[in-house]
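The values are calculated or read from the model by the stated rules, or taken from the named source; none is laboratory data. All figures in this text were calculated on a predicted structure; none of them were measured in a lab. Cβ coordinates were reconstructed from backbone atoms using ideal geometry, including for glycine residues, and neighbour counts include every protein chain displayed.
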């Protein structure tokens, strides 16, 4: 019987450090955590986030560039052939899951997806023994133990343990409400508020 051998790595979260066990036969030992820099600036066109306002403005200009390369399978268009080529992997069998037939843009995305079918969770927290599919999930989880909140609001004193929480909070200052209800045209700053509103509107229409 083949025996698994685990390796381990240490993740440093602020002044604290946590060890994570990694199964040696995992296909994703070199998986990197998400960028830990706060990204408070949101592109309302594609939902990408940026650390600096000027990066966000430069990115938004890319949506105005002529997108000459169109996908033959859907209505999406791209500014470069390379972007189109990566997108087309979704429709090819290059990175196809043999379990469910779903296709992906890259081998890394396929590797993570396969764990849904196998139940593999190669990243283990050595503090509480909880296991995760992705290293990025472990990084976020470790902040429960450390109490670290690295995502600080540049407008007020609030801090958050996830970048998505900071992004949502920043809309308090900007007034941005990118989520629009298709039933009543009201706009909201976060998707959960939109879901609640949509549910209430649907219930009222059935009365």
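Residues that are assigned to a strand (DSSP E or B) and under 23 Å from the mean Cα position of the chain (by Cα) within the range 57-95 comprise 77, 78, listed in sequence order.
For the range 143-152, filtered to residues that are touching a strand residue (DSSP E or B) at 6+ places or on another chain (Cβ under 7 Å) and buried (at least 16 other Cβ atoms within 10 Å of the Cβ), the residue that is nearest to residue 41 (Cα to Cα) is 151.
Comparison of 200, 156, 128, 184 shows that the only residue that is outside the structural domain of residue 113 (by TED's automatic domain parsing), modelled with pLDDT of 90 or more and loosely packed, with under 14 Cβ neighbours inside 10 Å is 156.
Quick test for you: out of 89, 107, pick the one residue that is on the phi < 0 side of the Ramachandran plot and surrounded by 14 or more Cβ atoms within 10 Å (Cβ to Cβ).
Every option except 89 fails the conditions.
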